[in-house]
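The values are calculated or read from the model by the stated rules, or taken from the named source; none is laboratory data. None of the values given here were measured: they were computed from a predicted structure. FYI the Cβ positions are ideal-geometry reconstructions off the backbone, even for glycines, and counts take in every protein chain you see.
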Amino acid sequence: MPFEDIVAEFARRRDKALEMGGPDKLARRRAAGHLNARERLDLLLDPGSLAESGMFAAAIRPEQRERTPADGKIAGFGRIDGRAVAVVANDFTVLGASSSVINMKKIRHVKEVAETRGLPLILLGESSGARMPDRMGAAGRAMLGQDPAEYRRLRRTPWVSALLGPCYGSSTWYACMSDCVVMRKGATMAVASPRVTSLAINQPIEPEELGGWRLHAETTGLVDVVADTDEAALAAVKRFLSYLPSHHGEPPPMAPVPPEADAASARILDLLPESRKAVYDVRRIVRAIVDPESLFELKPRFGRSAMTGLARLAGRSIGIIANNPLYKGGAIDVDACRKITSFLVLCDSFNLPIVILVDQPGFLIGLEGEKQGAPGRIINWMNALSLVTMPRIAIILRKSYGQAYLNMGGGRNSDEVACWPSADLGFMEPAVGVNVLYGVREEDDPERYQALVAELSRDTSAWALAELYEAQAVIDPRDTRAFLAATLDTHVLRLTGGVGQHLMANWPTSY
Amino acid sequence: MAEIRVKSEISGSVWKIEVKIGDRVDEDTPLVILESMKMEIPLLAPEAGVVREIRVREGDPIAEGEIAVILE
């Protein structure tokens, strides 16, 4: 056979690269129930679609070359559901997937191709941080900072990160630049490892406490989706991308409308309590409106008095923001403000129309909120809402009180406002307002109190708002799905092929 | 087994206690119903567990961050 030696050498080198950090390390991972980097890519990408970039890259230090296949970060291009993507998967079995001169070149290249050719970028995180001794001394500094745009985000294409193990260094930074972060339970994300942190502050530190899923899903809000297994995390990555366009210059893909998609709408009145005092889980109402099984909630454990999620309505990808009275009665706290602002940026940057479902008694006022800078968060949100160039449709289900009326799309802060007949518009809950405005409590003077409550409750109905043409429609709640489908269709950005102006493309990636 | 301190997320008053000591509860079971902003707002179990201690009584005022129930 001609070229026999060359072909044999190629096969030897390829097989060596595919062995990653060697059979022992791979076996230990398998025993622990974790997929390795190549298994993750197999699950993520359409079969046979990976075109690897840098399979034969290796550490720059000669003594490490033989034991650094792909230099610890497997990169390339492939397809998900037939759509092209770019991907970097950290291979923890190769020097802990530590960041090095060569593998940073790989990331930079794949990222640049994704950005300039319009491909989503997926980062499968699991890395120990900087490679030592490469980063020591002035020479170590000199390898850093050679790409001034390394940490720049302009949202030309969607980025998704999955945190699938210990994530320190690059996996953390890329997650924090991403549009969606999925975390597998048991993974950790932090600036530095528990060992380094523990030495720095001279205290023992538990990895879960330092950067576990509860911290990031409930307190920091840096994680959007939590998954129990690697497999579920990768499925969530694919699901997120299914709602988005490949890049900011095209509208999101349309999906087929499932059969019986209209059926749940008829039951919507059973989901809304008749009593004004009773609360409910707005997610049940959202699910009854959107295409069946299409709601994909983001940050469900963070700022829970508001819900944010991607969904489909009549096959069209949309973003939904809804107050959730089940938590804090729907009163909007600082975390909910942060969550909604980041969601507005996401939707507008990738050409998703926004539906806003309103039932809120106002911002949650109090010392805690003020300490967290509530006024700044409220105005960030208003600024974002004013910069949205995709269609915004607001539906007022029940209450919309106070300044938050504007944040939730009141007036010209949305393109269309519709009310359910149960809508209630005012400056605050009348029973509280009487005390605030007139200093009258029910126990002091029941008769006068009731008269004043009636006075404050006057002209707060859906009809009153519609007469002023501040609500363009009053709809039967059971018609909400049909109303939204028609209104979203009216508001398609025909003049630009469904593409918005992306005025917040360079906004922060966390708030 | 670890104890789970269930804190009120809002200020208000305790309207109704829905569980008793020893009850086994699932995640999202209403433990206590609070009244705040003229609404009846449930305090939900953050994860499954057994009610070990109830620190509030019906009618009590409750502050944001105050522990109402301890599960284990």
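For region A:341-357, how many residues are closer than 18 Å to A:Asp281 by Cα and either within 14 Å of chain B (Cβ to nearest Cβ) or in contact (Cβ under 8 Å) with a residue 60 or more places away in the chain (or both)?
Qualifying residue count, region A:341-357: 2.
Condition (residue is closer than 30 Å to A:His491 by Cβ and either assigned to a strand (DSSP E or B) or among the hydroxyl-bearing types (Ser, Thr, Tyr) (or both)) applied to region A:216-223: is it met by at least one residue?
No, because not a single residue in region A:216-223 is closer than 30 Å to A:His491 by Cβ and either assigned to a strand (DSSP E or B) or among the hydroxyl-bearing types (Ser, Thr, Tyr) (or both).
For a quick check of your reading of the model, give me the residue pairs whose first member lies in region A:358-377 and is more than 8 Å from chain B (Cβ to nearest Cβ), whose second is assigned to a loop (DSSP other than H, G, I, E, B) and of a type in the set (Ser, Thr, Tyr), with beta-carbon atoms closer than 6 Å and at least 6 apart or on different chains.
none
Considering A:Ala266, A:Ala261, which residue is in a loop (DSSP other than H, G, I, E, B) and at negative phi?
Going through A:Ala266, A:Ala261 in turn, the sole match is A:Ala261.
What number of residues in region A:74-94 are touching a strand residue (DSSP E or B) at 6+ places or on another chain (Cβ under 8 Å) and more than 20 Å from A:Arg117 (Cβ to Cβ)?
Result for region A:74-94: 3.
So which residues in region A:10-53 are part of a loop (DSSP other than H, G, I, E, B) and either modelled with pLDDT under 95 or more than 20 Å from A:Asn103 (Cα to Cα) (or both), if there are any at all?
Within region A:10-53, the first condition is being part of a loop (DSSP other than H, G, I, E, B), and the residues that meet it are A:19-22, A:33-36, A:45-50.
Those that are part of a loop (DSSP other than H, G, I, E, B) and either modelled with pLDDT under 95 or more than 20 Å from A:Asn103 (Cα to Cα) (or both): A:Gly33, A:His34, A:Leu35, A:Leu45, A:Asp46, A:Pro47, A:Gly48, A:Ser49.
Just checking, how many residues over region A:440-449 are part of a helix (DSSP H, G or I) and within 14 Å of chain B (Cβ to nearest Cβ)?
Residues meeting the conditions: 1.
When the residues of region A:171-196 are filtered to those that are of a type in the set (Val, Ile, Thr) and outside any helix (DSSP H, G or I), which remaining residue is surrounded by the most Cβ atoms within 10 Å (Cβ to Cβ)?
This residue is A:Val181.
Consider A:Leu468 carefully, then state whether it is at pLDDT 95 or above, surrounded by fewer than 18 Cβ atoms within 10 Å (Cβ to Cβ) and more than 25 Å from the chain's Cα centre (by Cα). Give the steps one after another, and end with the answer.
Values: at pLDDT 95 or above: yes; surrounded by fewer than 18 Cβ atoms within 10 Å (Cβ to Cβ): yes; more than 25 Å from the chain's Cα centre (by Cα): yes.
It is true that A:Leu468 is at pLDDT 95 or above, surrounded by fewer than 18 Cβ atoms within 10 Å (Cβ to Cβ) and more than 25 Å from the chain's Cα centre (by Cα).
Looking for something in a strand (DSSP E or B), in contact with a helix residue (DSSP H, G or I) (Cβ under 7 Å, 6 or more places away or on another chain) and of a type outside the set (Gly, Ala, Ser) - is there at least one such residue anywhere in region A:68-75?
Within region A:68-75, one or more residues are in a strand (DSSP E or B), in contact with a helix residue (DSSP H, G or I) (Cβ under 7 Å, 6 or more places away or on another chain) and of a type outside the set (Gly, Ala, Ser).
Please tell me if A:Leu437 is in a helix (DSSP H, G or I) and modelled with pLDDT of 95 or more.
For A:Leu437, the condition - in a helix (DSSP H, G or I) and modelled with pLDDT of 95 or more - is not met.
Residues in region A:8-58 that are among the aliphatic types (A, V, I, L, M) and touching a residue at least 60 places away in the same chain (Cβ under 8 Å): how many?
Of the residues in that region, 7 qualify.
Being out of contact with any Pro (no Cβ under 9 Å at 6 or more places or on another chain), under 12 Å from A:Gln360 (Cβ atoms) and not in a strand (DSSP E or B) is the filter here; which residues of region A:389-422 pass it?
The answer is A:Gln403, A:Tyr405, A:Leu406, A:Asn407, A:Met408, A:Gly409, A:Gly410.
Going residue by residue through region A:108-128, is there one that turns out to be hydroxyl-bearing (Ser, Thr, Tyr), touching a Gly at 6+ places or on another chain (Cβ under 6 Å) and over 18 Å from A:Arg29 (Cα atoms)?
Checking region A:108-128: not a single residue is hydroxyl-bearing (Ser, Thr, Tyr), touching a Gly at 6+ places or on another chain (Cβ under 6 Å) and over 18 Å from A:Arg29 (Cα atoms).
Could you check how many residues of region A:478-504 are surrounded by 14 or more Cβ atoms within 10 Å (Cβ to Cβ), of a type in the set (A, V, I, L, M) and in a helix (DSSP H, G or I)?
4
Restricting region A:322-332 to residues that are out of contact with any Pro (no Cβ under 8 Å at 6 or more places or on another chain) and free of Cβ contacts under 8 Å to residues at least 40 places away in the same chain, which is surrounded by the fewest Cβ atoms within 10 Å (Cβ to Cβ)?
A:Tyr327
Under 6 Å between Cβ atoms, which residue pairs at least 6 apart in sequence (or on different chains) link something in region A:142-166 that is over 29 Å from A:Val499 (Cα atoms) with a partner that is assigned to a loop (DSSP other than H, G, I, E, B) and of a type in the set (Gly, Ala, Ser)?
Every condition considered, the pairs that remain are A:Leu163/A:Ala187; A:Leu164/A:Ala187; A:Gly165/A:Ala187.
Quick one: which residue in A:Gln450, A:Gln472, A:Gln501 is closer than 30 Å to A:Cys176 by Cα and not β-branched (Val, Ile, Thr)?
Answer to the selection: A:Gln501.
Checking the condition crowded, with 22+ Cβ neighbours inside 10 Å and away from chain B (no Cβ under 12 Å), which residue from A:Gly315, A:Gly303, A:Gly319 passes?
The conditions single out A:Gly319.
So that you can scan it fast, the table gives a plain yes or no per residue for (1) of a type outside the set (A, V, I, L, M); (2) modelled with pLDDT of 95 or more:
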{"site": "B:Ile4", "(1), (2)": "no, no"}
{"site": "B:Ile17", "(1), (2)": "no, yes"}
{"site": "B:Gly22", "(1), (2)": "yes, yes"}
{"site": "B:Ser36", "(1), (2)": "yes, no"}
{"site": "B:Arg55", "(1), (2)": "yes, yes"}
{"site": "B:Glu72", "(1), (2)": "yes, no"}
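Anything in region A:47-74 that is buried (at least 16 other Cβ atoms within 10 Å of the Cβ) and charged (D, E, K, R)? List them, or say none.
Of everything in region A:47-74, those that are buried (at least 16 other Cβ atoms within 10 Å of the Cβ) and charged (D, E, K, R) turn out to be A:Glu52, A:Asp71, A:Lys73.
With surrounded by 14 or more Cβ atoms within 10 Å (Cβ to Cβ), on the phi < 0 side of the Ramachandran plot and of a type outside the set (Phe, Trp, Tyr) as the only criterion, which of A:Leu199, A:Leu222 stands out? Talk me through it step by step, then tell me what you get.
Details: A:Leu199 fails: surrounded by 14 or more Cβ atoms within 10 Å (Cβ to Cβ).
Matching residue, one of A:Leu199, A:Leu222: A:Leu222.
Can you tell me which residue in region A:413-423 is nearest to the other protein chains (Cβ to nearest Cβ), limited to those that are touching a strand residue (DSSP E or B) at 6+ places or on another chain (Cβ under 7 Å) and surrounded by fewer than 20 Cβ atoms within 10 Å (Cβ to Cβ)?
By that ranking, first place goes to A:Ser422.
Restricting attention to region A:266-298, which residues are surrounded by fewer than 17 Cβ atoms within 10 Å (Cβ to Cβ), more than 22 Å from the chain's Cα centre (by Cα) and within 14 Å of chain B (Cβ to nearest Cβ)?
A:Pro273, A:Glu274, A:Ser275, A:Arg276, A:Lys277, A:Ala278
Kindly indicate which of A:Gly410, A:Gly426, A:Gly402, A:Gly330 is within 14 Å of chain B (Cβ to nearest Cβ), at pLDDT 95 or above and within 26 Å of A:Leu484 (Cβ to Cβ).
Among A:Gly410, A:Gly426, A:Gly402, A:Gly330, only A:Gly330 is within 14 Å of chain B (Cβ to nearest Cβ), at pLDDT 95 or above and within 26 Å of A:Leu484 (Cβ to Cβ).
Mind checking which strands (runs of 3 or more DSSP E) fall wholly inside chain B and carry at least 2 residues that are within 14 Å of chain A (Cβ to nearest Cβ) and either in contact with a strand residue (DSSP E or B) (Cβ under 7 Å, 6 or more places away or on another chain) or more than 30 Å from A:Gly402 (Cα to Cα) (or both)?
In chain B, the matching strands (runs of 3 or more DSSP E) lie at B:4-7, B:12-17, B:30-36, B:39-44.
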